[in-house]
Amino acid sequence: MHEDPARRAASAASEIAERTGRQAHDVAVVLGSGWRPAADVLGEPDTELDLGDLTGFAKPGAVGHAGTLRSLRIGGRRVLVLLGRTHLYEGKGVEPVVHGVRTAAATGVGTVLLTNAAGGLDEDHAVGQPVLISDHLNLTARSPLTGASFVDLTDLYSPRLREHARRIDPTLREGVYAGLPGPHFETPAEIRMLRTMGADLVGMSTVLEAIACRAAGIEVFGLSLVTNAAAGITGQPLDHEEVLAAGQASARRMGELLGELISGT
Ligand code: 6GU
């Protein structure tokens with residue numbers, strides 16, 4: 001295994017080229033928890049690989065499955081779909097968290113669609129509702145970049161792609177996503193703090209990947225599925241099963257939206 005993250009991503013990208021028969025891809029989609037059913041709505045994959053067989057991705061652990069990577073065409077676009085991401089709370093550090101999007105960058109993609117499951121901080125965010133990410137608060141206290149990488153993060157979540165998504169579905173709302181390390185959910189006091197700070201959504205992914213994409217010159221689109229109200233909003237305790245079930249219920253709508261967005265990018 002290479003020491004250098006860029007070389008690991010380049011190795012994984014050449015393995016993908018060899019095993020999919022596609023020299024390059026145009027768009028990558030990272031599917032978050034609860035989004036798995038949306039993958040099938042995107043279409044039959046031409047190739048599906050185990051992530052654990054590619055350089056730099058985690059091997060499957062005791063609890064199952066490292067996830068898979070699919071290659072398919074949507075419209076004229078060659079699309080990589082990553083099912084299963086590495087989270088900061090797994091304790092492996094930042095580099096494995098962003099290896100997927102760095103690999104996608106090395107395959108040549110110009111656009112990455114990041115999806116996630118998020119808690120809603122706003123009473124009007126119904127469970128099962130997709131929300132466009134307009135901006136983020138990176139509260140992980142980490143960065144995927146090292147050294148003097150003074151990357152600008154203005155308009156990190158592409159205004160162009162957000163507008164495009166709203167043309168497809170004018171009912172889509174936008175919100176600011178707060179990315180925390182997890183793995184615990186927040187206290188009601190922390191949720192009040194996050195609201196004061198301008199957050200509308202809270203989750204445990206996406207922000208570091210978005211920063212890595214910007215550093216690689218890739219256009220980023222972010223879509224949260226509100227899977228539950230955050231702590232203290234409804235008075236109900238939080239439940240990981242609820243998070244997963246909300247995805248099942250909205251999967252078709254999510255998959256169709258992503259598919260239309262990709263054909264039009
Ligand atoms: Cl309420 N918090 C965090 N950190 N992640 C979540 C969530 C809440 N709901 C879904 N994912």
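Give L223, L257, L172, L261 a once-over and let me know the one that is closer than 26 Å to I74 by Cβ, more than 9 Å from the ligand (Cβ to nearest atom) and touching an Asp or Glu at 6+ places or on another chain (Cβ under 7 Å).
L257
Can you tell me which condition Y177 does not meet? The list is (1) within 11 Å of the ligand (Cβ to nearest atom); (2) over 30 Å from G108 (Cβ atoms); (3) not acidic (D, E), and all the others hold.
The number of the failed condition is (2).
Among the candidates E256, E219, E186, which residue alone is among the acidic types (D, E) and out of contact with any strand residue (DSSP E or B) (no Cβ under 9 Å at 6 or more places or on another chain)?
E256
I need the full set of residues from segment 1-42 which are crowded, with 16+ Cβ neighbours inside 10 Å, away from the ligand (no atom under 16 Å from the Cβ) and assigned to a loop (DSSP other than H, G, I, E, B), in order please.
Within segment 1-42, R22, H25, D26 qualify.
Here is a check on your reading of the model: is D135 surrounded by fewer than 20 Cβ atoms within 10 Å (Cβ to Cβ), of a type in the set (D, E, K, R) and at pLDDT 95 or above?
Spelling it out, D135 is indeed surrounded by fewer than 20 Cβ atoms within 10 Å (Cβ to Cβ), of a type in the set (D, E, K, R) and at pLDDT 95 or above.
Out of all the residues in segment 69-83, is one or more outside any strand (DSSP E or B), within 16 Å of the chain's Cα centre (by Cα) and more than 16 Å from the ligand (Cβ to nearest atom)?
no
I'm trying to understand the selection: among the residues of segment 183-216, which are more than 13 Å from the ligand (Cβ to nearest atom) and in contact (Cβ under 8 Å) with a residue 60 or more places away in the chain?
M197, G198, L208, E209, A210, I211, A212, C213, R214, A215, A216
Mind checking which residues of segment 15-50 are touching a residue at least 60 places away in the same chain (Cβ under 8 Å) and of a type in the set (S, T, Y)?
Of everything in segment 15-50, just one residue is touching a residue at least 60 places away in the same chain (Cβ under 8 Å) and of a type in the set (S, T, Y), namely S33.
Name the residue, out of G43, G100, that is closer than 24 Å to R142 by Cα and either in contact with a Leu (Cβ under 6 Å, 6 or more places away or on another chain) or not aromatic (F, W, Y) (or both).
Within the list G43, G100, the selection yields G100.
Kindly list the number of the only condition in (1) surrounded by fewer than 20 Cβ atoms within 10 Å (Cβ to Cβ); (2) at pLDDT 95 or above; (3) in contact with a strand residue (DSSP E or B) (Cβ under 7 Å, 6 or more places away or on another chain) that fails for L172.
(2)
Checking the condition over 21 Å from V226 (Cα atoms), touching a residue at least 24 places away in the same chain (Cβ under 8 Å) and out of contact with any Ser or Thr (no Cβ under 9 Å at 6 or more places or on another chain), which residue from V101, V97 passes?
Result of the check over V101, V97: V101.
Filter segment 186-213 for residues that are small (G, A, S) and surrounded by fewer than 24 Cβ atoms within 10 Å (Cβ to Cβ) and give the result.
If the condition is that a residue be small (G, A, S) and surrounded by fewer than 24 Cβ atoms within 10 Å (Cβ to Cβ), then A189, G198 are the ones that fit.
Would you check which residues across segment 128-162 are within 16 Å of the ligand (Cβ to nearest atom), more than 12 Å from S224 (Cα to Cα) and within 16 Å of the chain's Cα centre (by Cα) and list them?
L137, N138, T140, listed by residue number.
Restricting to segment 107-133, count the residues that are within 29 Å of R77 (Cβ to Cβ) and part of a strand (DSSP E or B).
Of the residues in segment 107-133, 12 are within 29 Å of R77 (Cβ to Cβ) and part of a strand (DSSP E or B).
Can A165 be described as aliphatic (A, V, I, L, M), at pLDDT 95 or above, more than 17 Å from the chain's Cα centre (by Cα) and surrounded by 15 or more Cβ atoms within 10 Å (Cβ to Cβ)?
Judged against the criteria, A165 is not a match.
When segment 38-85 is examined, which residues are found to be over 25 Å from R253 (Cα atoms), of a type in the set (V, I, T) and at pLDDT 90 or above?
T55
The values are calculated or read from the model by the stated rules, or taken from the named source; none is laboratory data. Bear in mind that the values here come from a model prediction, so they are computed numbers and not experimental data. With ideal geometry, Cβ positions are generated from the backbone for all residues, glycine too; neighbour counts draw on all protein chains shown.
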